[in-house]
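Below is one structure, written out as structure tokens, with a few remarks after it.
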Amino acid sequence: MRKNVSGKNYLRWDIVRLCNKAGKVLHPQFVKQRLRRGLGRLRKREGLRYISLSLSSACSADCIYCPANRGESIKTKMMPFESVEKITQEITSRHFQRMHNIESISISTNGDAFLNKDVIKILRFLKRKVPEIKKVCFTNFRAFTKEKIDIVLREGLIDFMGCNIDGSTPESYYSVKKADYNKVREHLLYFIEMRKKLWRDMPLMMSITTFYAYVSSIRKGLGIYPSRAGDVDIENLSDDFQQTRDQYKDLLDHPKDHILKTGVRGWAERHQIDPSTIDYSHYNCPILDRVKQTAYIAPDGSWWSCCWDGNNEIIFGNVIDTSIHDVFLSQKRKRFFELLENRKFKEIGSPCETVNCCQEFGC
């Protein structure tokens, strides 16, 4: 029965249940204590669960599935150590923890964290200050050098690692990421080798978005040709997902490691879409719950709306100038979710007005 009760009704039902069970009038202090506990549980259910830090809004790759203007509106490209220090101080405070229950911290939203010169210092600090919170990182392995790999693995600074390997050859990889496949592969293989040697329990998720998968999915889902794909004859393209997967599947540690065919989304194609042609009744925000529970923090401390708001167009406030909790409670953030839940995408404006680009397409 309890599972079917939610929100404030749950709290009211909980107190009534206690009174009925006691069969008498409860002591006011006992009722007050139970109310306080119940409110604490209710607040945490409605609070934040994830912190996504953009330690760097720069990237060593130039992927066809990422917007060309990603992160341009934020002039600060690297998050200073002092900002991470302030954020960590807040999320470990008793006041913050009464409302929020942070489960994980991602260090690599909207860029490559290993381009930040303080990344190791930051990771060591996070391990020391919040050892109970899961540290997550996604990287293309280009800037995750052997020296950094050794430190991260030996000291256990990251709990979960994700990466994109989007082709089976230097040519097919470059067509997606405009990056050096040989260097990426060298670093990835070294990571796998050292992880095994050091007996580190650090799961690796390998995502694959091939050139064929992206181009054909965008054509099918949006009816357009990807703006950054170049002049290619799609009819003569082949999908090298299986070849890419076969290169690595026997090197990974199953079942904790995974190789996934990444679902394609069109956030890099928003500029090609005319919002006036979209029937919004067909769409919802596909990651609404996750966005509600996550603080996406740019290098300059700005809390922006979502990981698919590539150019940080919707800013709720700055957590360095004020606090995470203050921005969480802000009217601007509250209004944003009211509009989002009611499918008022046009009223929100860019990037949400092209919500069709946030959907997942299959090729």
Q: Would you mind classifying the stretch 226-352 by shape? Square roots of the alpha carbon gyration tensor eigenvalues, ordered a ≥ b ≥ c; an a/c under 1.5 is rounded, otherwise it is prolate if a/b is larger than b/c and oblate if not.
A: oblate
Q: Please work out the average accessible area per residue across the stretch 227-363, using the 1.4 Å probe convention, and give it in Å².
A: 49
(Q) Restricting to DSSP H runs of at least four residues, report the calculated mean residue ellipticity at 222 nm for the chain, -39500 (n - 2.57) per run over all residues, nearest 500 deg cm²/dmol. (A) -12000 deg cm²/dmol
Q: With all protein chains present, calculate the accessible area of D274 using a 1.4 Å probe and round the result to the nearest 10 Å².
A: 80
Q. What is the distance in Å between the Cα centres of the stretch 180-204 and the stretch 294-339?
A. 35
Q | Entries of K117/K146; K197/K256; K127/K183; K134/K292; K292/K344 with Cα pairs more than 21 Å apart | A | K127/K183
Q: Using DSSP to define loop residues, name the trypsin sites (Lys or Arg not before Pro) in the stretch 199-270 whose beta-carbon has at most 10 other beta-carbon atoms within 10 Å.
A: none
Q: Determine the share of the stretch 36-164's accessible area contributed by carbon and sulfur atoms, expressed in whole percent, with a 1.4 angstrom probe.
A: 49
Q: Check cross-link reach from K129 to the aspartates and glutamates: straight Cα distance under 18 Å, and skip same-chain residues fewer than eight apart.
A: E82, E85, E90, E103, D118, E155, D159
Q: May I ask for the distance between the Cα centers of the stretch 129-161 and the stretch 242-279, given as a whole number of Å?
A: 22
(Q) Report the per residue volume, in Å³, of the convex hull enclosing the C-alpha atoms of the chain. (A) 168
Q) At a 1.4 Å probe radius, carbon and sulfur cover how many percent of the accessible area of the stretch 171-236? A) 48
Q. Quick one: what Rg and Dmax do you get for the stretch 88-128 from the alpha carbons, in Å?
A. 12.3, 35
Q: Note down the accessible area of I224, probe 1.4 Å, to the nearest 10 Å².
A: 30
(Q) Would the stretch 128-210 count as rounded, prolate or oblate if I go by the C-alpha gyration tensor, calling it rounded below 1.5 in a/c and otherwise prolate when a/b exceeds b/c, oblate otherwise? (A) prolate
(Q) Could you work out what % of the accessible surface of the stretch 299-349 is carbon and sulfur, using a 1.4 angstrom probe and leaving DNA, RNA and ligands out of the count? (A) 46
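The values are calculated or read from the model by the stated rules, or taken from the named source; none is laboratory data. As the structure is a computational prediction, the values presented were derived from the model and not from experiment. When we count neighbours, we look across all protein chains shown, and the Cβ atoms used for this are built from the backbone with ideal geometry, even at glycine. These area figures cover heavy atoms from the full protein model, side chains too; ligands, DNA and RNA do not enter into them. Shrake-Rupley method; radii C 1.70, N 1.55, O 1.52, S 1.80 Å.
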